[in-house]
Each structure stands twice: as structure tokens, then as C-alpha cells.
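One structure below.
The values are calculated or read from the model by the stated rules, or taken from the named source; none is laboratory data. Since this is a predicted model, take the numbers as computed values, not measurements. Glycine also receives a Cβ, built like all others from the backbone with ideal geometry; neighbour counts cover every protein chain displayed. Only protein heavy atoms, including side chains, enter the accessible area calculation; ligands, DNA and RNA are left aside. Shrake-Rupley method; radii C 1.70, N 1.55, O 1.52, S 1.80 Å.
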Amino acid sequence: MTKTIVRVADPHTAAIYLRISEDREGRKVGVKRQEMHCRAHAKRLGAKVVRVYCDNDISASAKSEKERPDYQRMLRDAEAGLFGMIIAYTTGRLTRDPRESEDQIDLARGYGTRFEFTHSPTVDLTTSAGRRMFRWMSANDTGEVEDIQERQSDRKQQLIADGQWTGGRRPFGYKSDGRRIKRSEQEAGLDAAKRLLAGDSARSIWGAWNEAGMTTTAGSPWDGSNFRQMILRPRNAGRVGKIPAGTKDFRKALEKLPKSQWKPMFAPDDRQAAEDLWVALAHKLADPARTTNPNRGRTSLTLSGSFLYRCWCGELERSGGTTAAGAPRYMCKAGHTRLAGPIDELVRAVVCARLDDQGVKLLPKTVDRAPIMEKLAMLEARAEEAAALFGDPESGYTAEQFKATNARLRPEIERLKRELAELSDGSALEGVADAPSPSRAFLAKTIERQRAIIGALVTVTILKAPRGRHAFDPETVEILPR
Ligand SMILES: [Zn+2]
């Protein structure tokens, strides 16, 4: 069946179609060179180039479903008779799919459009033999693309099975080979994981990273989504691959993945510890209570007892809006209300006193950090002493002696610090109970972390208060040590 030719374009006018893509040809023959070849071809044919169309077809997915807006525009312009010829580098540049070559055949038959290729044979689409040849070339192009995709996918599967990195952008915490640890980022990543476990919000962590000028490896600022993706990578636990969506048993899902050739970010020298930390974190971040917590993102320190303190009636306290004067209140499910400010202040004071009084004794007993900390303090004192001696011209202490002392002390100090870091069990009290001033460390923490610490140390029950306006009576709050 022949279509009526709507409008006959000048056969000596041409459009050039260029496409840059991720396949080998697309990379090798950049847009500029494709255009140069096409223009030379037009010149040889005595055609005038009236339009240049160009699509950027680079996409992350193996099988691109992306629209090609310029390609579509070109087909419409050809139908409108703006040019009589389309020149492309190869049939593969013009067509990605046999369906598209049928459109081109329609264009040739219906509108007389001629197709010319600088690096593929040019065929006459008005003849049956030409169309057969064109369809075969197009099928072959598609086949080649699919072959490459299949090979890439096989290769990727093989790499994953071997515990190797499949490439891409440099992973956070690692150098560009995806294998060697980048110490500064690894430490930041590990610290973030511990703080999340201790009850800090993700927002407070990535917010601080952004403030400190630390970006993703793509150079963009951190946000809730890229941070979460990074911190929950199985890579951090020394595993390769992905955890399926909807996973409930994180440990099992993790153990199904091949072990990585690289060291885990969460504990470079202890795979088991890294996996344990990862599993704990995955459960913590999957906890729906996190996202429904009304205190999320709050910077005010009042109402830190929401869903933590109990009302005398047994219900949990939650935020109960504010009084007419704007003071935040607690309200239980049964509707009992109390002013939040004085209660929070009292609880905080009790927790501070307890922290300062007991200090490191509050840390989980299974972890005996004291001897390591003592030894570390001793070595650091010695290093300081050496520095002081070296700084004193009358001491007669030479640069060589100073260097030798340092060379002896430093590796041991670093080793002990690492040992201490690895002893951490993610308890909310880490870095607080063992701080020089535990109460000050506590008050400097985010509201989420303070809540976790309060919850770890005391139980708070808000007792029945006499009706009417009264000064706050500390006796109406029961604070018991855990
Ligand atoms: Zn109540």
C-alpha cells in the first residue's frame, strides 16, 4: 500500500541527526565528529544542511527507555517537508529499536524522505530489496546492543559473586578503586553509624556534615535520601550486592550476599563486628517509630519526654500543644496535662547529677575500658612531655630524640584509640558517661540523643498534681534510676 505524498520536500535539503550514548560507538565518535562526517557527506551529495538534531542518550540504566525529543521533532519536521534527506553516522545512531526503523520506512514511502549514513551502507527505502536490507541492518544493530548488555550483566554478576566492586562513582569511605579505605570518610561513616544507634537523628548528622563542607563523592550536599543509602550499603558490612526491598530479617538477607574483597567501613578489621553493627542499624532505621516521632527535627529541648515519660494513669506522655501563654505541655491519651518546661528541667538536672556522680560506671559492664584508657592517658602524657622538652631550648632535647620518642609512642597511641573505638557497643552513654564532664557532654547532645540517655538512666512518671495554679512541685514527678 502506498501512501499519498503530502508535501514533497526539496530533495537537496538535509537534516543531520546526532546521538551521543554510553555504548562504545557513542563514546568513541563524539557528537562533534559525527557532525563533521555528516556535513562532509552532505557536501559530497550536493545537499544543503538545514537542520541539526541531537539527542543526549546517556542514561544510567542498561536498557534506556528515555525519550529522544530531537528524534521525534525530526520525524515531524520531515513530514512537514522541512528537508528531504536525513543524514546520520550509522544506522545504529539513528535507530535503537526495530520499531523505529519501521517509522523511517513509512517516512521514506509516505514523504519521500531519503536516509543517508556516513558509516553504514545507504539503501533505497523505496525498493523492497532496500527495505529488507534496512530492516536487517536495524535488527543487527539491536542485536549488538543487546549482546553488549548481556555481556555487561554477566560480567557484573561474576564480579559480585567474586566479592568485587562493579564500578561506578567512588564509594564514600573508599578510594577510587573502591577497595582501599579512605580513612577520614571511613571514620566519619563509622561515627555516624554509632551515633544513629545511640539515638541521634540522621538529619543532625548529615546536617553537620554539610556544615563542615563534607559532600558526597559526587560533590553534592547530603540529604536524607543519599545519607540513608550510603549508611545502609551492605558494603559497610563487607558484603556485595543489594538487600531486597521489604526485607524483614536483615541478618539473613545480609548473609546471603557474597563477602566483599574490600574491608568493611563499619569495622575494617573485624567482619563480624561490622555485620553486627550493620544489622542493628538496619533494624533501627527500619523502625517506623522513627518517622512518626513528633519530635523529629525539633531543636527545642522541651518535650524530650514525649513517648518516654509516663502519666500517673499509665499512659505515655506526648506533646499536648501549648497553653494559652504558649508554654509547651505534656498530655497523655486520657487527656491529663502538665506544663513540660519545669518537668524537663528537673529530669535533666537529675540525669546530669547521676552522670557526674557515676560517670564511666554507667557504661555497660561487659566492656572494660578503664585499663585501656589509663594506658592511653599515660602514653599521651609522655608524648606531651616530650613535646614540652623539645620546645624548651635549655633541655638539650634534640629533634632526633623527639622524633624517636614520637615514632615509638604514636603507633601505640593510635592502636589503643582504635581498640577503644572498636569496643564501642553503640550505647547511648558512649562518649557521654566517659567524657571529662559527663553532664556537660549530655547537655551538648541533640534532643534525640538526650532522650536516649534519659531513657537509659531513669524512668519518669508524672504524678497527679493539685488542680489550679500552683508553683511547680518537684514531688509531683517521680524519677527512679533504672
Ligand atoms: Zn494520664
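Let's see how each residue does on (1) in a helix (DSSP H, G or I); (2) modelled with pLDDT of 90 or more; (3) among the aromatic types (Phe, Trp, Tyr):
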| residue | (1), (2), (3) |
| --- | --- |
| 184 | yes, yes, no |
| 189 | yes, yes, no |
| 196 | yes, no, no |
| 204 | yes, no, no |
| 214 | no, yes, no |
Given the condition in a loop (DSSP other than H, G, I, E, B) and either within 16 Å of the ligand (Cβ to nearest atom) or modelled with pLDDT under 85 (or both), answer yes or no: does some residue in segment 266-283 qualify?
no
Selected residue (only one of 400, 380, 374 is of a type in the set (Asp, Glu), open to solvent by less than 80 Å² (accessible area, probe 1.4 Å) and not assigned by TED's automatic domain parsing to the domain that holds residue 433)
380
Can you name the residue in segment 217-232 that is within 22 Å of residue 176 (Cβ to Cβ) and in contact with a Lys or Arg (Cβ under 9 Å, 6 or more places away or on another chain) and, of all such residues, is least open to solvent (accessible area, probe 1.4 Å)?
227
Residue 392 acidic (Asp, Glu) and within 30 Å of residue 473 (Cα to Cα)
no
Can you find even one residue in segment 23-42 that is surrounded by fewer than 18 Cβ atoms within 10 Å (Cβ to Cβ), touching a Lys or Arg at 6+ places or on another chain (Cβ under 8 Å), modelled with pLDDT under 85 and not in a helix (DSSP H, G or I)?
no
Of the residues that make up segment 388-397, is at least one surrounded by 12 or more Cβ atoms within 10 Å (Cβ to Cβ), away from the ligand (no atom under 16 Å from the Cβ), outside the structural domain of residue 429 (by TED's automatic domain parsing) and of a type in the set (A, V, I, L, M)?
yes
Candidate set from segment 349-358 (those that are hydrophobic (A, V, I, L, M, F, W, C) and in contact (Cβ under 8 Å) with a residue 40 or more places away in the chain); member that is farthest from the ligand (Cβ to nearest atom):
355
Among the residues of segment 148-174, which ones are part of a loop (DSSP other than H, G, I, E, B) and surrounded by 14 or more Cβ atoms within 10 Å (Cβ to Cβ)?
163, 164, 165, 166, 170, 171, 172, 173
Could you please give the count of residues in segment 186-228 that are under 26 Å from residue 269 (Cβ atoms), in contact (Cβ under 8 Å) with a residue 60 or more places away in the chain and of a type outside the set (A, V, I, L, M)?
5
So which residues in segment 400-439 are modelled with pLDDT under 80 and either over 27 Å from residue 355 (Cα atoms) or of a type in the set (Ser, Thr, Tyr) (or both)?
424, 427
What about residue 452, is it touching an Asp or Glu at 6+ places or on another chain (Cβ under 9 Å) and either in a helix (DSSP H, G or I) or open to solvent by 40 Å² or more (accessible area, probe 1.4 Å) (or both)?
yes
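Residue-wise test of (1) open to solvent by 70 Å² or more (accessible area, probe 1.4 Å); (2) assigned by TED's automatic domain parsing to the domain that holds residue 478; (3) within 16 Å of the ligand (Cβ to nearest atom); (4) part of a helix (DSSP H, G or I).
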position: 308; (1), (2), (3), (4): no, yes, yes, no
position: 321; (1), (2), (3), (4): no, yes, yes, no
position: 326; (1), (2), (3), (4): no, yes, no, no
position: 335; (1), (2), (3), (4): no, yes, yes, no
position: 347; (1), (2), (3), (4): no, yes, no, yes
position: 360; (1), (2), (3), (4): yes, yes, no, yes
When the residues of segment 108-147 are narrowed to those that are acidic (Asp, Glu) and open to solvent by 60 Å² or more (accessible area, probe 1.4 Å), which ends up farthest from residue 21 (Cα to Cα)?
124
Answer yes or no: is there a residue in segment 238-251 that is buried (at least 16 other Cβ atoms within 10 Å of the Cβ), modelled with pLDDT of 90 or more and part of a loop (DSSP other than H, G, I, E, B).
yes
Looking at residue 372, is it within 16 Å of the ligand (Cβ to nearest atom) and part of a helix (DSSP H, G or I)?
no
